[in-house]
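Below is one structure, written out as structure tokens, with a few remarks after it.
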Amino acid sequence: MILKTPEKFTRQFGKAESKGYQSPEVWSKVTGKAVYGIDLTLPGMLHGKILRSPFPHARIKQVDTRAAEALPGVRAVLTGAELENRPFGIAVEDELPLAADKVRYIGDEVAAVAAVDLQTAERAIKAIKVEYEELPAVYDPVEALKDEAPLLHDNFPGNIAWQREVERGSLSAAFTEADLVVEERFTVPAIHPAYLEPIACIAVNDPYTGITLHTALQSPDAVREIVARVLKYPLSKVNINGPVMGGGFGGRVYGNLKVYILSALLAIKSGSPVKIQLTREEEFTAGRPMIAAVIKMKMAVRSDGTILGREADIITDNGAYSAQAPWVSKTLSERNDSVYRIPAIKTRVRLAYTNKVPTGQYRAYGNQAANFATESLIDIAAKKLDLDPLELRLKNCVREGDTTVHGLQIGKCGLAECLQAAAKEIGWDRKKAGRGYGLSAAIHANGSLVFDKNFRGASALVRLELDGRITIFTGEQDYGQGTHAAFAQIAARALDVSPVQVTVESKQTKTAPFSTGALAMRQTTVGGKAIQLAAEDLREKIFKAAAELVGEPVAMENEVLRSISGQELELAEVAYHYHSATSGLRMTGEGKFVPAESDYDESGYGNISLTYSFASHAVEAEIDQATGELIIHRLVAVHDSGRIVNHLTARGQVYGGAAQGFGMSCFEGYLFDQGRVANASLADYKIPTALDLPQIDPLFIEIEDPAGPYGSKGLGEIVMVPVLGAVANAAADAAGVHVTDLPLTAEKIYQALAGWECEL
Amino acid sequence: MSYLTVSTLEEALTSLSDSSGKARVVAGATDLFLQDLPHSLVDLSALPEITVVEEKDGLISIGAAVTHTAAASSSLILARARALAEGCSAVGSPQIRNIGTIGGNVINAAPAADAAVALISLGAEAVLIDVNRETRQEAVENLYWTYNRSLVDSSKEILLRLLVKPCLGGEGSAFTRFAVRRALALPMVNAAARVKLENGLVKKVRLVAAPVRPAPTRLIQTEELVINQPVDKDTLKRVEVSAAGEVEVRGSQLRCSARYRQHLVGVLIARVLKIAADRADPGKAGD
Ligand SMILES: Cc1cc2nc3c(=O)[nH]c(=O)nc-3n(C[C@H](O)[C@H](O)[C@H](O)COP(=O)(O)OP(=O)(O)OC[C@H]3O[C@@H](n4cnc5c(N)ncnc54)[C@H](O)[C@@H]3O)c2cc1C
């Protein structure tokens, strides 16, 4: 470098510091240099805008686009009538790119335009005349399941998008044997991930390369397949090119398919690149929040605290279309069953269509909503039996070697240790007067062996560059969770180099190895394992080439490549040697991590994941009796995520996930008024600010798990799960009464304290 | 659209009268920029005479263009009109407080504007000048027309300063609010009090709560109830019941139900009276 650089920017990370390694991506973000999707423009680019339904449920009688087309600057106008009437979807095929004959929620896509600038596009949208015939609508998922409810989709009778009933063990025996049966009804509203950068996409259509979408996604490969299918393009003619992502939290696994498909269709029709960017209001009204849920749950317990069985009847609110809501409903309805040794389970879950915003996924996939219900119910039982909630949990929690009620095989498991550490750290044995204390426990999978049985693992390429540096090629995306820093560390460890020598490339679906995506907490455990294998493969190739070069065996020690006679070699020399010997190839290690198939059966019984992460959180809180205000003083978050690869980013995951957990516990949630989102802005949809958060203390029980790379397991999703139960239990302990409707606002707590009839 | 940053009051008045109603005064623009913008804007934030806090003729004079941050950290306001410092530090977020002004808070006429609630509890008077160079002085609570509409037409009239009688021996003031979160949230209720004690009994009191009516509202019945009473547990209990009973409030889906808001008015008024009375302890010199 010609410019002299201040010392702080050139700091090298040796091995000792590597657990706090920070990838250079962080610097570009905090200094405002990172280029996000919303920042991108291309020469000749048009701006797309979507016309949305003002009605929750209506038949489209006529769409007149003539005035819009006549506006100067308008380059393309698209309506549902021009498109093939062939539904697509993620879990259920129930969506069209543009509504053809019917709209099903306020915000449903009716037409799209592309124009030379945003103002013209907005004017064109307003110039489109749509004649609607309003239909009766249904907003409440419980109402939607009744016979007389208006039907949203003709081919989904009873407004059921998806349902499941499962019974394992003998529930009737459990309830006969029980000394105590506790029962409650819990409600959880729809939650938006509220990532800072609204979804934006530039679509480019090129006759040679096909469609390129410039948009940041957690699962670009999955979206690429759907877009290719909808557009009827060959897969190799669809490429996704990811700019830096302004937050995802599960919301960008599939992001907003309508935005990608419509920008592509407008690009095809207009012949120019088209950018569609959602406004914040559109994010709330036509984004993909996580499903709301009504959870009726009943638990059978013996007087010594042994859990005998649990029954749940769950209705989740799909909104008008499905996205990933069936999968989220499934995880919500069953993952929590494996936290404790519960011999009998009966669950019915129904996903109901309503005339509201469609739903998708959020960090932890509904496991946190279930945690609120199950962990509250455990404390309710403990109180009735006059048992210590900690003891009750320790008595029942799963342990290493267990096979849970759904067939999950528990390998390394520090759940009991997590519970004990959380209780100790929060001061369970020396509780302060006037304070409430709450505990909760959680399990979460590390990737899925059964989600796509053909893709249980991950693959990666690790390449030695001519200058001796290392490049990782992976399909695993990093949007702030620190995956790429962890990958650099894993490869660095396998190769015995410093992580600063390692760069991670993941942005182009065309060149990156396939990945099922940044989801299901699979990246470190599954993706990282592939990186480790690829780096080890490269290491062997380096040794082989180096030995050829010097004519004797070589080894790598303390970041130096040396032959047995002591001759030192630069990695660049080896790289160049291979490069010239192959007339231009670069030495590349391949890593294929393919876990064994699962015994998972038709009923959904069987092991679903390579291994599981565990956590227990504890909360100390206080309630202002006069107002019902819940003041949370402290959260202790204890995690078993195996050996921690990077403590800096791991703590960051806990802080962020806990903040989101608090948001969901006490602040957030969609509010609707006749199907219209009543809080469709960040001013009204209240996520907590830094001032609203308590002290958060992360602790890691570092039990090495051989399943993951260097003993590590996933952390990114489970961080949010136990917050809900711990907050609810601390609030109930302080208030003396359980509020079972999220979020736990001061008003609801006060109503419970004062014994008011619920008005909300 | 034109935007004029004036350096003298004369210049401001001239440009307002030249634009004959099409120009409006702007200070921090935190409210104005969210509304339909007028043809032209006259920015007052550089006028020295309306950006200072000073003690003059026994009164605290607070320039209309004093920011919330400046007011909240003014030693004079902290010592002698504490309710205002507390009200200003409750506004929005640091960014909003750094540019939003007290004058804008009053003239924007939101029913529960934090600085305005504090000012009215303190008995503040507004000094205004219009395009005809006529000045007038008016109690802040008399500047409201209806919800979010001031009687002051900022295309013709400029709020220059707010005058507050300092809280001296035996007097104290306080402000509090209750909101969904601790920053960037409009309050479910805010409340402020100014009280004068003599021999442990209330001699003078102003109790203000919002949002109750278009303007921050004095709770006259509750004020009467506490006159000549000690501010003790028993009085505070009665204050709570009286204050809640005295107001009729609206509920909203986004913030809270009417019943809860009414309850909060009682709780907050009692709390704020207690804090103000503690500060009025004659052993201490004012706030
Ligand atoms: C994100 C956000 C959060 C907020 N949170 C709060 C809150 O918690 N509590 C709260 O009380 N307010 C809040 N506000 C509102 C706002 O910040 C305050 O009301 C602020 O004090 C307005 O002052 P300003 O200088 O920005 O006024 P401006 O926007 O400049 O003006 C507002 C109005 O007053 C008129 N005006 C301004 N100065 C004068 C003058 N000297 N003479 C005559 N007319 C004048 C203008 O013409 C305009 O009509 C918030 C605003 C935002 C954007």
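The values are calculated or read from the model by the stated rules, or taken from the named source; none is laboratory data. Everything quoted here is computed from the prediction, not taken from an experiment. Neighbour counts run over all protein chains shown; Cβ positions are idealised from the backbone, glycine included. Surface areas here come from the heavy atoms of the whole protein model, side chains and all, with no ligands, DNA or RNA. Shrake-Rupley method; radii C 1.70, N 1.55, O 1.52, S 1.80 Å.
The table that follows gives values for the structure above.
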{"read-out": "Residue-normalised accessible area of chain B, given per residue in Å² at a 1.4 Å probe", "value": "42"}
{"read-out": "Ranked order, B:Y3, A:Y670 - accessible area, probe 1.4 Å, largest first", "value": "B:Y3, A:Y670"}
{"read-out": "Label-reachable residues, the range A:512-531, where backbone N falls under 18 Å from a point 7 Å from A:T588's Cα toward its Cβ", "value": "A:512-515, A:530-531"}
{"read-out": "Per-residue [θ]222 nm for chain B (sum of -39500 (n - 2.57) over DSSP H runs n ≥ 4, rounded to 500)", "value": "-9500 deg cm²/dmol"}
{"read-out": "Taking the range B:216-274 and dividing mean pair separation by its residue count, relative contact order in percent (alpha carbons under 8 Å, at least six apart)", "value": "36"}
{"read-out": "The range A:145-205 and the range A:284-343: distance between their alpha carbon centers, rounded to Å", "value": "7"}
{"read-out": "Mean separation of Cα contacts under 8 Å (6+ apart) over length of chain B, as relative contact order %", "value": "17"}
{"read-out": "Chain B: Cα Rg divided by the 2.2 N^0.38 Å rule of thumb", "value": "0.99"}
{"read-out": "Whole-percent pair-distance distribution, where bins are 5 Å wide, for the alpha carbons of the range A:467-541", "value": "3, 18, 30, 27, 15, 6, 1, 0"}
{"read-out": "Solvent-accessible area, 1.4 Å probe, carbon plus sulfur percent, for the range A:365-501", "value": "45"}
{"read-out": "Interface residues in the range B:165-190 - accessible area drops by 20 Å² or more relative to the isolated chain, probe 1.4 Å", "value": "B:F178, B:V180, B:R181, B:R182, B:A183"}
{"read-out": "Efficiency of FRET between B:Y3 and A:E559 - r from beta-carbon atoms, R0 41 angstrom, step 0.05", "value": "0.10"}
{"read-out": "Scaled radius of gyration (Cα, divided by 2.2 N^0.38 Å) that the range B:171-279 gives", "value": "1.02"}
{"read-out": "Solvent-accessible area lost in complex, 40 Å² minimum, residues of the range B:252-274 relative to chain alone, 1.4 Å", "value": "B:Q253, B:L254, B:S257, B:R259, B:Y260, B:H263, B:R271"}
{"read-out": "Hydrodynamic radius (Kirkwood) for the range B:1-137, which is based on Cα pairs only, to one decimal in Å", "value": "15.4"}
{"read-out": "Kirkwood Rh, angstrom, chain A [1 / mean 1/r, Cα pairs]", "value": "27.3"}
{"read-out": "Inter-label distance, nm, simple model (7 Å from Cα along the C-beta direction), B:D232/B:E10", "value": "6.2"}
{"read-out": "Tensor-based shape of the range A:429-469 (alpha-carbon gyration tensor, a/c under 1.5 rounded, otherwise prolate or oblate)", "value": "oblate"}
{"read-out": "Most fluctuating residue given options B:G169, B:G266, B:G21, as computed from a GNM of chain B linking Cα atoms under 10 Å", "value": "B:G21"}
{"read-out": "Rg/Rg_globular for the range A:128-180, with Rg_globular taken as 2.2 N^0.38 Å and Rg from C-alpha atoms", "value": "1.97"}
{"read-out": "Given chain B, longest segment not containing exposed loop GluC sites (Glu not before Pro) (DSSP; at most 11 other Cβ within 10 Å)", "value": "B:1-133"}
{"read-out": "Cleavage-rule hits (trypsin sites (Lys or Arg not before Pro)) in the range B:109-201: DSSP loop, at most 10 neighbouring Cβ within 10 angstrom", "value": "B:R133"}
{"read-out": "Anisotropy class of the range B:119-194 from Cα gyration tensor, a/c 1.5 cut", "value": "oblate"}
{"read-out": "Filter on A:K126/A:K686; A:K395/A:K432; A:K298/A:K395 - keep pairs with C-alpha separation over 23 Å", "value": "A:K126/A:K686; A:K395/A:K432"}
{"read-out": "Efficiency of FRET from Cβ geometry, A:E143 and B:E54, R₀ 51 Å, rounded to 0.05", "value": "0.20"}
{"read-out": "Probe 1.4 Å - accessible area at A:D179, Å² to nearest ten", "value": "90"}
{"read-out": "Pairs of lysine residues in chain B - Cα separation under 20 Å, sequence separation of 8 or more or cross-chain", "value": "22"}
{"read-out": "A:K395, A:K258, A:K126, ranked by accessible area, largest first (probe 1.4 Å)", "value": "A:K126, A:K395, A:K258"}
{"read-out": "Nearest-0.05 FRET efficiency for A:E465 and B:R213, computed from C-beta distance (R0 60 Å)", "value": "0.25"}
{"read-out": "Cα-centred dipole magnitude for chain B, charges only on beta-carbon of K, R (+1) and D, E (-1), debye, nearest 20", "value": "1100"}
{"read-out": "Of all accessible heavy-atom area on the range B:171-279, the percent that carbon and sulfur account for (1.4 Å)", "value": "50"}
{"read-out": "Which of A:V719, A:V450 is most accessible, then next, and so on - probe 1.4 Å", "value": "A:V450, A:V719"}
{"read-out": "Spacing of the two label points (7 Å from each Cα toward its C-beta) at A:A81 and A:E552, in nm", "value": "8.4"}
{"read-out": "Whole-number percent relative contact order across chain A, with pairs defined as alpha carbons under 8 Å at least 6 apart", "value": "15"}
{"read-out": "For the range A:305-442: span of alpha carbons on each principal axis (Å, largest first)", "value": "50, 39, 26"}
{"read-out": "Buried area at the B-A interface (accessible, heavy atoms, 1.4 Å probe, summed, Å²)", "value": "1900"}
{"read-out": "Distance (nanometres) between label positions extended 7 Å along Cα→Cβ at A:L180 and B:A139", "value": "5.9"}
{"read-out": "Potential extension, A:K510-A:D496 segment - 0.36 nm per residue separation minus Cα distance", "value": "2.1 nm"}
{"read-out": "Gyration tensor verdict on the range A:85-199 (Cα atoms; rounded if a/c is under 1.5, prolate if a/b is larger than b/c, oblate otherwise)", "value": "prolate"}
